[in-house]
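What follows is a set of notes on a single structure, which appears directly below.
The values are calculated or read from the model by the stated rules, or taken from the named source; none is laboratory data. Remember, it's a predicted structure, so these values are computed and weren't measured experimentally. Cβ: placed from backbone, ideal geometry, glycine included. Neighbour counts: every protein chain shown. Please note that ligands, DNA and RNA were not included when accessible areas were found on the heavy atoms of the full protein model with its side chains. Shrake-Rupley method; radii C 1.70, N 1.55, O 1.52, S 1.80 Å.
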Amino acid sequence: MSRNVYKPPVQKGFGQFIDAMVVLALVYLSLLAPLLMGGTAAESAATEHKAKPTWEELKQNDVMQAQWEKLGHTPETAEPIVTKKFSYEVEPLSLGITIAVIAGYFIFMLKMSDREYREVINERFGPRVGKGD
Amino acid sequence: MGTAATAGQQEKISLLKVLGPVHVWALGVGIVLVGEYMGWNFSVAKGGAYGSLIACWVIGLLYTCVAMIDSEVTSTVAAAGGQYTQAKHIIGPLMAFNVGLYLVMAYTMLEAADALVVGDLLKAVAAQYGADLDPRPFVVLTIAFLAWLNYRGVFMTLTVNFVITAFAFIAILVLFFNASGLVDGQSVLLHRDLLVDLPYGWIGVLASLQFGMWYYLGIEGTCQAAEEVRSAGRSIPMGTMGGMMTLLIAASLTWYICTGIIPWEYLGQATTPLYDAARLMGSVELEVMLFIGTMFAAIASANGCINDASRAWFSMSRDRYMPHWFGAVHPRYRTPYRSILFLIPIAVSFAFTGLLDQVITFSILSGLLGYTFMSFNIVRFRRLWPLGSIERGYVHPYHPIPCIVLGVLCSATYFATYLGYGTSLLSIMAFYILVSIWFVVRRYPFVKRGEQFTMPWPRPKGY
């Protein structure tokens, strides 16, 4: 039985080089995208900084103070660390977009993969002849 | 003609089958253990100390599901490329291409972060003695040395990993015994005064799942050794499940030590928390031991990452999913040497972007996308080839509970990443969407169809 085998074109060295570079360029772009969009990776809530904070104002008890000092910190140097807080506001629109993007990505991938997979199976095992197999 | 024949012959040289369960353990734990030395503590910043502990165990459950599912599929699909090869045989080419990229990106970016830790730690220690050290040459040197080791052969690479990983694990145990007072009866742990309530409430606990992944990220890398183990059915499940047990112990001990010595706000942003804990204990011996432990953990992780990223890239190239030139095996050392060399400058450039948190998020999210794939991969695997229709090296119990739990926990972790890192999440998803379209339009025409299905299995049910 003759099978219709797909014969891919042979890619030259320059084309292979370009293809590897395209993937790399996309990776760097996605690494830089959050910065280009005006934010950093971690999204923190804005905090107020005091001129001369004390351990008490930073809500550090005696034991905590002692450990901070052993780590080489003063209330001034500890303040930006202690007061940095995450912002966990859930915006329905951005959450909805995120869910849609992730779900859309997987749906697209599974549908397209299934189409390609049928080609692979038909070439590997031959055309399907009945429903029983 | 002579050259073409030689090239063809060269590509038929296979990888060596020399590894046992110990090497699989060393590969998996070696990649991950650095997560106890740095990175896990960012979960403390997102959800507080208790939030981090809950994340440690919840994500531990996620990874137990990953290890169970992976052990079954990998012991049956015993080929380099791990999950990429599984996806190719079970779901289809586009999924396989994405899974291969998840692996390459997760490991190459983790490797960059590991090398940065080596450089930063040396800089910090030098600063303690009044010296100003530029960490960058050490970052390059670490990656270059490990790449050379990988180039020369997998057996030596993973034997080195076993020794240094074992040392790093023992260092955690020694620190625990000393800190808890089990050695001299005097505990230095101050949980009563240092632990506070959940700073962000339960939403913070959920948010901390994101960095909770660092306790275990990369254990699934054991699958990359599938083509190089002597017995996949024995070595992969033993090495992977043994690795998970080691990590659950190490993660719990690490949390217990660090939260009992370091204030949570400091801990949440520390670069090397276990080393800091040893410093606070005031013992020079412990400090030296944890310094070496941190260095070894970071080096072992980078070493395993080079091994895994290069095999994933190699496997994709061998099938022409990526340029075929990278799919060559070294005629003498029998390693995927072109892929190893190609990824060196890329890892170095990631390390020097100055975007460490973005690099880490990329690594975590790539891993998470891979785990999401595993949850529906196992369902399809059992459906296309029901039990008894093909020989499986290992059958994991309680199916489909592990894949349902895995799917639910992956969804929760996406939400955790959205909390605080939503922009990064979208930009990384944009990358995978764009690169998928590029694959369909540009790369897939170069891929052979039937030839890429290499397993000796019958036709899948329903196709």
Filter the range A:8-38 for residues that are in a helix (DSSP H, G or I) and of a type in the set (Gly, Ala, Ser); the one that is farthest from the chain's Cα centre (by Cα) is A:Gly13
Close pairs from the range A:25-38: first closer than 14 Å to B:Val435 by Cβ, partner of a type outside the set (S, T, N, Q) and loosely packed, with under 14 Cβ neighbours inside 10 Å, Cβ under 9 Å, at least 6 apart: A:Leu29/A:Leu36
Yes/no for B:Phe446 being more than 7 Å from chain A (Cβ to nearest Cβ) and of a type outside the set (D, E, K, R): no
Please determine, by comparing only the residues of the range B:113-127 that are of a type in the set (Gly, Ala, Ser) and in contact (Cβ under 8 Å) with a residue 12 or more places away in the chain, which one is surrounded by the fewest Cβ atoms within 10 Å (Cβ to Cβ). B:Ala124
For B:Trp214, all conditions in the list (1) within 14 Å of chain A (Cβ to nearest Cβ); (2) within 18 Å of B:Ala45 (Cα to Cα); (3) assigned to a helix (DSSP H, G or I) hold save one; what is the number of the exception? (1)
Any chance you could count how many residues in the range B:144-167 are among the basic types (Lys, Arg) and either open to solvent by less than 50 Å² (accessible area, probe 1.4 Å) or touching a Pro at 6+ places or on another chain (Cβ under 9 Å) (or both)? 0
Starting from residues that are without any contact (Cβ under 8 Å) to a residue 40 or more places away in the chain and not small (Gly, Ala, Ser), keep the ones in the range B:403-428 and report whichever is farthest from B:Met374 (Cα to Cα). B:Thr423
Conditions first: (1) in a loop (DSSP other than H, G, I, E, B); (2) in contact (Cβ under 8 Å) with a residue 60 or more places away in the chain. B:Ile203 passes all but one, so which condition is the exception? (1)
Confirm whether B:Ala298 is at pLDDT below 95, out of contact with any Leu (no Cβ under 7 Å at 6 or more places or on another chain), farther than 21 Å from B:Glu72 by Cα and surrounded by 24 or more Cβ atoms within 10 Å (Cβ to Cβ). yes
Residue set B:Tyr37, B:Tyr63, B:Tyr50; condition modelled with pLDDT of 95 or more, within 30 Å of B:Leu194 (Cα to Cα) and more than 14 Å from chain A (Cβ to nearest Cβ); output residue B:Tyr50
May I ask you to say which residue of B:Glu265, B:Glu228 is under 20 Å from A:Gln67 (Cα atoms) and either open to solvent by less than 30 Å² (accessible area, probe 1.4 Å) or not basic (Lys, Arg) (or both)? B:Glu265
Does the range B:134-143 hold any residues that are without any contact (Cβ under 8 Å) to a residue 40 or more places away in the chain and open to solvent by less than 40 Å² (accessible area, probe 1.4 Å), and which are they? B:Pro135
Conditions: (1) assigned to a helix (DSSP H, G or I); (2) out of contact with any Gly (no Cβ under 8 Å at 6 or more places or on another chain). B:Ala67 meets all but one. Number of the miss? (2)
Could you list all residues from the range B:168-184 that are more than 28 Å from the chain's Cα centre (by Cα) and surrounded by fewer than 16 Cβ atoms within 10 Å (Cβ to Cβ)? B:Gly181, B:Leu182, B:Val183, B:Asp184
For B:Gly130, work out the one condition from (1) on the phi < 0 side of the Ramachandran plot; (2) surrounded by fewer than 24 Cβ atoms within 10 Å (Cβ to Cβ) it doesn't fulfil. (1)
Single unsatisfied condition, B:Tyr414 versus (1) open to solvent by less than 10 Å² (accessible area, probe 1.4 Å); (2) within 22 Å of A:Lys111 (Cβ to Cβ): (1)
Checking B:Tyr266 against (1) touching a residue at least 24 places away in the same chain (Cβ under 8 Å); (2) of a type outside the set (A, V, I, L, M); (3) assigned to a helix (DSSP H, G or I), which test does it fail? (1)
What is the residue count in the range B:413-463 for residues that are under 28 Å from the mean Cα position of the chain (by Cα) and farther than 29 Å from B:Thr76 by Cβ? 21
Matching residues in the range A:61-72 (modelled with pLDDT under 95 and open to solvent by less than 40 Å² (accessible area, probe 1.4 Å)) number 1
Of these, B:Asp184, B:Asp134, B:Asp193, which one is acidic (Asp, Glu) and either under 30 Å from A:Leu58 (Cβ atoms) or within 14 Å of chain A (Cβ to nearest Cβ) (or both)? B:Asp193
Hey, any hits in the range B:421-437 for a residue that's surrounded by fewer than 20 Cβ atoms within 10 Å (Cβ to Cβ) and either more than 30 Å from B:Ala207 (Cα to Cα) or more than 7 Å from chain A (Cβ to nearest Cβ) (or both)? yes
